[in-house]
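Contents: one structure, followed by commentary.
The values are calculated or read from the model by the stated rules, or taken from the named source; none is laboratory data. All figures in this text were calculated on a predicted structure; none of them were measured in a lab. We place every Cβ from the backbone using ideal geometry, glycine too, and count neighbours over all the protein chains shown. The accessibility values were calculated without ligands, DNA or RNA, using every heavy atom of the protein model including side chains. Shrake-Rupley method; radii C 1.70, N 1.55, O 1.52, S 1.80 Å.
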Amino acid sequence: MNILILGGGGREHALAWAIRQNPKCDRLIVAPGNAGIAGVAECADLDILSRAQVLEFAQENAIDFVIIGPEAPLAAGVSDALRDAGFLVFGPSQAAAQLEASKAFTKQICDACGAPTAAWRRFDAAAPARDYVTAQGAPIVIKADGLAAGKGVTVAETVEQAHAAIDAIFEGAFGDTSVVIEEFMAGEEASFFILSDGTDCLPIGTAQDHKRVGDGDTGPNTGGMGAYSPAPVLSQAIQDQVMAQIVRPTIATMAEKGMPFQGVLYAGLMIEQGRARLVEYNVRFGDPECQVLMMRLGAQALDLLLACAQGRLAEARITWADDHALTVVMAANGYPGSYEKGSRINGLDSLPETSFQMTFHAGTARKDGAILATGGRVLACTGRGATLAEAHQRAYALIDAIDWPQGFCRRDIGWRAL
Ligand code: AMP
Ligand code: GLY
């Protein structure tokens, strides 16, 4: 098969790394890719938000299967354009991608199918939203309705903070959007990844990430500084509850509404007293969660994604090893605030690249033979082992072999489970 992956982060490097190992994969192209991805695939310079460009590229290169990594092309309807032209695609339609693109949409789906989640209200103007917060009190959660690159959520500890967040949203901080106000849920967060072909569902793993930039879960939120899989808090009993009360009802409701969901559903969950409630859905793999999932699934990932895209999930099976994976993100000094681009990373060439240790690239480019940092999150050093402690040791061994003074990482990834 000729396979095209859209995206150029650590998630797409992990997908490409796993898929490359499957003998079904003949030619693998990643657009736009990065310096690490160039080691396992061809990289193509392409505007992945342009339906016309992606379609033309797929036609010219006789692509048999397109895998869409990030949410932006999904929200832009790139999967619809490809599917309408007869291509096999992994990733939901623009309509189904509303499960990530609109918080209010997801809440309405939850209400329609009775999925447990935080109580919520939506407002189109600041004054009634402020009044509602005053009446409810704090803590309370304020969200911009649309896609906000992970920055549209404020967990307000006081009514004043909540009012300020509402004002910022209506002053246009996230474009023209309404506000969703939610009950604050206490508990432990974890992520659950489920493939769906629109009808059937197949869980493909659990993970926990670390959103705060600093050790001990301190400092501002980031896209994720590390992750590990499996997440012990998501016991089999809780996974069963989530499938029965949240995921299957969501998939059935989406199909009933004429928006069947095909792709990976990433359920962000809050677990308290042995019961999970939905925090949010994403309609793509998490980054860096994908790195630990792919490390555990390996080459069979392609068979699973294919079964999903072809509507054959009912017959798909996963072969699980009794293993653990852990990934540590190296980011540019200053991230998630402003940071410098273009610093040189040394020591990457001599690192092991095995099914137990992989350094996935998130934001890198090659120039004159050197690897340069080009993003905020730059590398995801990933280890796999029989225990989480072994995976942890292997991931940090990679970190310690990298020479990059302009980068940093958290030293405590996995602390909760270790
Ligand atoms: P979201 O973008 O919806 O995932 O929200 C980002 C983060 O805010 C989540 O990962 C949670 O840590 C937190 N959060 C969102 N909604 C709630 C809620 N209703 N209660 C408690 N924390 C929340
Ligand atoms: N690591 C969080 C996300 O991918 O949304």
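What the table shows:
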| item | result |
| --- | --- |
| Where a residue in the range 98-114 is farther than 17 Å from V179 by Cβ and its partner, wherever it lies, is within 12 Å of ligand 1 (Cβ to nearest atom) and open to solvent by 30 Å² or more (accessible area, probe 1.4 Å), with Cβ under 7 Å and at least six apart | E100/E71 |
| Meets criteria (of a type in the set (A, V, I, L, M) and crowded, with 21+ Cβ neighbours inside 10 Å) for V279 | no |
| Strands (runs of 3 or more DSSP E) (entirely within the range 200-284) containing at least 3 residues that are more than 21 Å from R312 (Cα to Cα) and more than 16 Å from ligand 2 (Cβ to nearest atom) | 275-282 |
| Single match in P249, P232 (criterion: surrounded by fewer than 17 Cβ atoms within 10 Å (Cβ to Cβ) and touching a residue at least 24 places away in the same chain (Cβ under 8 Å)) | P232 |
| Residue that is nearest to P336 (Cα to Cα), among those in the range 139-164 that are more than 16 Å from ligand 2 (Cβ to nearest atom), touching a helix residue (DSSP H, G or I) at 6+ places or on another chain (Cβ under 9 Å) and small (G, A, S) | A156 |
| Within the range 335-393, considering residues that are surrounded by 22 or more Cβ atoms within 10 Å (Cβ to Cβ) and of a type in the set (G, A, S), the one nearest to M295 (Cα to Cα) | G383 |
| Helices (runs of 4 or more DSSP H) within the range 59-132 that include 3 or more residues within 16 Å of ligand 2 (Cβ to nearest atom) | 71-75, 98-101 |
| Residue satisfying condition, being open to solvent by less than 40 Å² (accessible area, probe 1.4 Å), under 16 Å from F360 (Cα atoms) and not in a strand (DSSP E or B), within set I19, I48 | I19 |
| The range 183-228, residues that are under 28 Å from A255 (Cα atoms), of a type in the set (D, E, K, R) and surrounded by 21 or more Cβ atoms within 10 Å (Cβ to Cβ) | D197 |
| Test: residue in the range 396-408 that is among the polar types (S, T, N, Q), open to solvent by 10 Å² or more (accessible area, probe 1.4 Å) and without any contact (Cβ under 8 Å) to a residue 24 or more places away in the chain | no |
| First in the range 287-303 and within 16 Å of ligand 2 (Cβ to nearest atom), second anywhere and among the acidic types (D, E), Cβ under 9 Å, 6 or more apart | D287/E12; P288/D209; E289/D209; C290/E12; M295/D323 |
| Residue match in the range 76-89 (condition: among the hydroxyl-bearing types (S, T, Y) and surrounded by fewer than 19 Cβ atoms within 10 Å (Cβ to Cβ)) | no |
| Selected residue [at positive phi and under 16 Å from the mean Cα position of the chain (by Cα)] from G263, G298 | G263 |
